[in-house]
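Written out below as structure tokens is the structure these notes cover.
The values are calculated or read from the model by the stated rules, or taken from the named source; none is laboratory data. For clarity, every value in this text was computed on a predicted model and none was experimentally measured. For neighbour counting, all protein chains shown are included, and Cβ atoms are generated from backbone atoms with ideal geometry for every residue, glycine included.
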Amino acid sequence: MILGWIGTGIMGHSMARHLLDAGYCLNVYNRTKSKATELLNAGAVWCPSPKAVAANADIVFLMVGFPQDVRETILGSQGVLEGLQSNGIIVDMTTSSPTLAQEIEKECRKKNIVSLDAPVSGGDLGAKNATLSIMIGGDKQTAELLTPFWNLMGKTVVYHGASGNGQHAKMVNQILIAGNMIGLCEAILYGFRCGLDMEKVLQSVSGGAAGSWSLTNLAPRICKKDFAPGFMIEHFIKDLGIVLEESQRMGLTLPGLALAEQLYNSAKSKGYAKNGTHALILALEELR
């Protein structure tokens, strides 16, 4: 079985490497070829376009940046649908729009191709350690067929139903993270301003009701002033925009999420767009 992989960024690179290390033949494409160098040195085959990746693959995975990238990568003139043969499978692991996932599924069905939306949570560490949470929408039988691949990349794999539902589940995840991150950053700011030893504070609070993945994994980075991205602020802003758009479509008002989007846009305007989501604290620190 030949696999295709499109998007070798912070998370996609590690996820693709797990498949390659398991012995699968892997065709790869990335807009910046240099970001795929390590995979190519490990045996992956470079392709000049998404269409070329798909032309000689049974299953094509993608992990790109924004919904417009997903659309172009799959539906564009040099996209996956132009190269993939009938009975092929497309797996979009990008966090993208549920509505777009449903549109892609309809277009794929016309060509007897199956598409799954399978966004993930767990950041760069989850990608490196193959401990991601994978949220799947689309054809159930196909989702079950791909179990060996899910298990190479993730620890928690849950099927959520029809196309788009994987993305909807990921939006729930992002809502939870957004509110939690504001609390995390404000709490650390408060502790710093009080002159507390934050290592001791984290020891006190991490095991109780305030504990969270973000507190355990990102608070120590903040204390070390390490704002390298596990997940970039500019991509998180994209996700929050998707949630707000979908919420409006459903007649929901989410004021906490709207506040988070405003704060993250402020962080972006201050030059932190390429930093990790925990760099929100830098923008909050400047508020007066």
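Annotation for segment 98-109: no member residue is over 16 Å from residue 173 (Cβ atoms), at pLDDT 95 or above and part of a loop (DSSP other than H, G, I, E, B). Among the candidates 270, 238, the residue that is outside the structural domain of residue 131 (by TED's automatic domain parsing) and over 27 Å from residue 93 (Cβ atoms) is uniquely 270.
Being part of a loop (DSSP other than H, G, I, E, B), surrounded by 15 or more Cβ atoms within 10 Å (Cβ to Cβ), of a type in the set (Phe, Trp, Tyr) and out of contact with any Pro (no Cβ under 9 Å at 6 or more places or on another chain) is a description that does not apply to residue 149. Residues that are of a type outside the set (Gly, Ala, Ser) and out of contact with any His (no Cβ under 9 Å at 6 or more places or on another chain) within segment 168-187 comprise 170, 171, 172, 173, 174, 175, 176, 177, 180, 182, 186, listed in sequence order.
Residue-wise test of (1) within 26 Å of residue 262 (Cβ to Cβ); (2) modelled with pLDDT of 95 or more; (3) part of a helix (DSSP H, G or I); (4) among the aliphatic types (A, V, I, L, M).
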{"residue": "128", "(1), (2), (3), (4)": "no, yes, yes, no"}
{"residue": "134", "(1), (2), (3), (4)": "no, yes, no, yes"}
{"residue": "144", "(1), (2), (3), (4)": "no, yes, yes, no"}
{"residue": "170", "(1), (2), (3), (4)": "yes, yes, yes, no"}
{"residue": "196", "(1), (2), (3), (4)": "no, yes, no, yes"}
{"residue": "199", "(1), (2), (3), (4)": "no, no, yes, no"}
{"residue": "208", "(1), (2), (3), (4)": "no, no, no, no"}
{"residue": "216", "(1), (2), (3), (4)": "no, no, yes, no"}
{"residue": "230", "(1), (2), (3), (4)": "yes, no, no, no"}
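Here residue 73 passes the criteria (1) touching a residue at least 60 places away in the same chain (Cβ under 8 Å); (2) part of a loop (DSSP other than H, G, I, E, B) except the one numbered (2).
The residue pairs whose first member lies in segment 89-112 and is of a type in the set (Lys, Arg), whose second member is crowded, with 21+ Cβ neighbours inside 10 Å, and whose beta carbons are closer than 7 Å, counting only pairs six or more residues apart or on different chains, are 111/81. Checking each residue in segment 157-209 for being of a type outside the set (A, V, I, L, M) and touching a Pro at 6+ places or on another chain (Cβ under 9 Å) picks out 163, 164, 165, 166, 167, 168, 170, 173, 199. One residue stands out in segment 5-27 among those that are assigned to a strand (DSSP E or B) and under 18 Å from the mean Cα position of the chain (by Cα): the one that is nearest to residue 277 (Cα to Cα), namely 6. Remark: pairs (first residue in segment 124-143, buried (at least 24 other Cβ atoms within 10 Å of the Cβ); second residue among the polar types (S, T, N, Q); Cβ separation under 6 Å; 6+ apart in sequence or on different chains) = 127/14; 137/163; 137/165; 138/163. Confirm whether residue 222 is over 19 Å from the mean Cα position of the chain (by Cα) and either among the aromatic types (Phe, Trp, Tyr) or part of a helix (DSSP H, G or I) (or both). Taking the combined requirement at face value, the residue satisfies it.
Of all the criteria given as (1) assigned to a helix (DSSP H, G or I); (2) under 30 Å from residue 100 (Cα atoms), the one not satisfied by residue 190 is (2). Apart from one condition, residue 215 fits all of (1) in contact (Cβ under 8 Å) with a residue 12 or more places away in the chain; (2) in contact with a strand residue (DSSP E or B) (Cβ under 9 Å, 6 or more places away or on another chain); the exception is (2). Can you find a residue that is modelled with pLDDT under 95 and farther than 28 Å from residue 129 by Cβ anywhere in segment 56-68? Taking every residue of segment 56-68 in turn, at least one turns out to be modelled with pLDDT under 95 and farther than 28 Å from residue 129 by Cβ. Looking across segment 28-57 at every residue that is part of a helix (DSSP H, G or I) and polar (S, T, N, Q), the one that is surrounded by the most Cβ atoms within 10 Å (Cβ to Cβ) is identified as 37. Quick one: how many residues across segment 58-79 are crowded, with 17+ Cβ neighbours inside 10 Å and within 19 Å of residue 20 (Cβ to Cβ)? The total comes to 6.
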